[in-house]
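See below for the structure under consideration.
The values are calculated or read from the model by the stated rules, or taken from the named source; none is laboratory data. Predicted, not measured: the structure shown is a model, and the values here were computed from it. Quick reminder, even Gly has a Cβ in these numbers, built from the backbone with ideal geometry, and neighbours come from all protein chains shown. Ligands, DNA and RNA are excluded from the accessible area calculation, which covers all protein heavy atoms including side chains. Shrake-Rupley method; radii C 1.70, N 1.55, O 1.52, S 1.80 Å.
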Amino acid sequence: MEVRRTVPVTLDVDSDDAALLENTVDTLLWSAQYVVDHAFEGEYVITSKTTLDDETYDDVREATNGFNGGLVQAARNKAAEACKSVVARWKNAKKASKPRMSSPHVVYDHRTATFYNEYVSLATTDGRIEADYVLPDKGSDTPHAEYLFSDEYETTGAELHRKHGEWQLHIHCKKEGESDTPEQATTTHGTVLGVDLGVNNLAVTSTGMFWTGDEFDHWRREYENRRGDLQACGTRWAHENMQAVGRKEEGRFKMTLHRIANELVAEARDHDCSVIAFEDLTDIRERTGASWGHKWAFNRLYEYVEYKTAEYGITVEQVDPENTSRRCSTCGFAHPDNRKSESFKCQKCSYQNHADYNAAKNIGLWYLRRNQTGGDEGEPLGVRLHSGTLNVNGEYESPAEVSVRTGVHAEESHPFTCG
Ligand SMILES: [Zn+2]
């Protein structure tokens, strides 16, 4: 069993270093806002850390005159999490607008900070500074003595806070448990990302990412209209033109699908998923009322994801989708009345959520059940949600349950809605 603690420590900082930390916090907030603005630029919000990193890292480094790479990534993480919590709120039909990055704290890890017994070295906008801990007398029964100076605990990172003119570091420590505990075994197993495909939403993941079908529908209608016009002409020229329109539209569809596939793979990588599970595509038209165009899109999307995951060792599978849309992902009860268009409400346990999201979780669960082979090495043990996992019985396991927290210092509450 892994045990985690957070120890708050005040830092002794002179005015020059305080100015540097001030500048570092401001630069980090500016960078995070830049990433948020970018994430909100397109038709839908980008929440994948990998995608945001690819699309903003160089620009942020340039605009900030080479801000420390690890801190640029910390800014990107902060931005991605803020964007994800907005999307999670929308998913639950709650209001939320573009986040403003104003909370003055910086997440440090081992690339951006080095922790010593009595001081810390922190990356800033201008090299590193060293700051002494302001500690109570040694030997007293304080969390510092128990965790910070203990050989049993290892420092994993920290958050820098500016509070009432003081600089504080919340240092995270961790103690590894016995190596044969089952809790540890879960870290060697990946998780499954369930993906539901459909007409209103082209794809929805068990982590709560949605890709709407609007763009696709728009192009398809446009294409059919134009094809109709050309067909009405009936000439050879019109026929050739029609084929050209077809090729062009197909190219645009494919580009969109490539982008969605990239984002899906990034989502799986961001969440350490070893498997991406789709529903069986064979009878998808009959089940979902999808058009031939949609089926064509689903097949392409599947192929692209399969192709793109190969280099990361992520497996892509199709599973039997029996009752996926009508079954409750929490208690397993299946009933036609559970689903009313886009909303799902279990008649038995009252679990409520977006119908496609419930379906995505079911697809992940089907994969788990089908592959339950008594914990073979590397077989996934859970369905990945936005935060936490579902086990094979559909029970929610939050990340907090995996590691025990008995709070020397209350962890910052998680802003996400999940489950
Ligand atoms: Zn239920």
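Determine whether the stretch 273-288 contains at least one residue that is assigned to a helix (DSSP H, G or I), away from the ligand (no atom under 16 Å from the Cβ), under 27 Å from the mean Cα position of the chain (by Cα) and over 30 Å from Glu395 (Cβ atoms).
no
Anything in the stretch 367-376 that is surrounded by 13 or more Cβ atoms within 10 Å (Cβ to Cβ) and either within 16 Å of the ligand (Cβ to nearest atom) or hydroxyl-bearing (Ser, Thr, Tyr) (or both)? List them, or say none.
Correct list: Tyr367 only.
Anything in the stretch 323-335 that is within 27 Å of the chain's Cα centre (by Cα), more than 9 Å from the ligand (Cβ to nearest atom) and surrounded by fewer than 20 Cβ atoms within 10 Å (Cβ to Cβ)? List them, or say none.
Hits for the stretch 323-335 are Asn323, Arg326.
Before we move on, is Asn338 under 15 Å from Gly194 (Cβ atoms), within 16 Å of the ligand (Cβ to nearest atom) and not aliphatic (A, V, I, L, M)?
Taking the combined requirement at face value, the residue does not satisfy it.
Is it the case that some residue within the stretch 341-353 is open to solvent by less than 40 Å² (accessible area, probe 1.4 Å), within 24 Å of the chain's Cα centre (by Cα), modelled with pLDDT under 90 and away from the ligand (no atom under 11 Å from the Cβ)?
So far as the stretch 341-353 goes, no, none of its residues is open to solvent by less than 40 Å² (accessible area, probe 1.4 Å), within 24 Å of the chain's Cα centre (by Cα), modelled with pLDDT under 90 and away from the ligand (no atom under 11 Å from the Cβ).
Can you tell me which residue within the stretch 11-45, out of those that are hydroxyl-bearing (Ser, Thr, Tyr) and open to solvent by less than 30 Å² (accessible area, probe 1.4 Å), is nearest to the chain's Cα centre (by Cα)?
Taking the candidates together, the pick is Ser31.
Which number in (1) charged (D, E, K, R); (2) more than 14 Å from Ile260 (Cβ to Cβ); (3) under 26 Å from the mean Cα position of the chain (by Cα) marks the one condition that Arg300 misses?
(2)
Given the structure, is Ser387 within 18 Å of the chain's Cα centre (by Cα), at pLDDT below 80 and surrounded by 13 or more Cβ atoms within 10 Å (Cβ to Cβ)? Can you show your working first?
Working: within 18 Å of the chain's Cα centre (by Cα): yes; at pLDDT below 80: yes; surrounded by 13 or more Cβ atoms within 10 Å (Cβ to Cβ): yes.
So Ser387 passes the test.
Restricting to the stretch 253-283, name every residue that is in contact with a Lys or Arg (Cβ under 7 Å, 6 or more places away or on another chain) and within 18 Å of Ser206 (Cβ to Cβ).
Passing the criteria: Ala261, Val265, Asp270, His271, Cys273.
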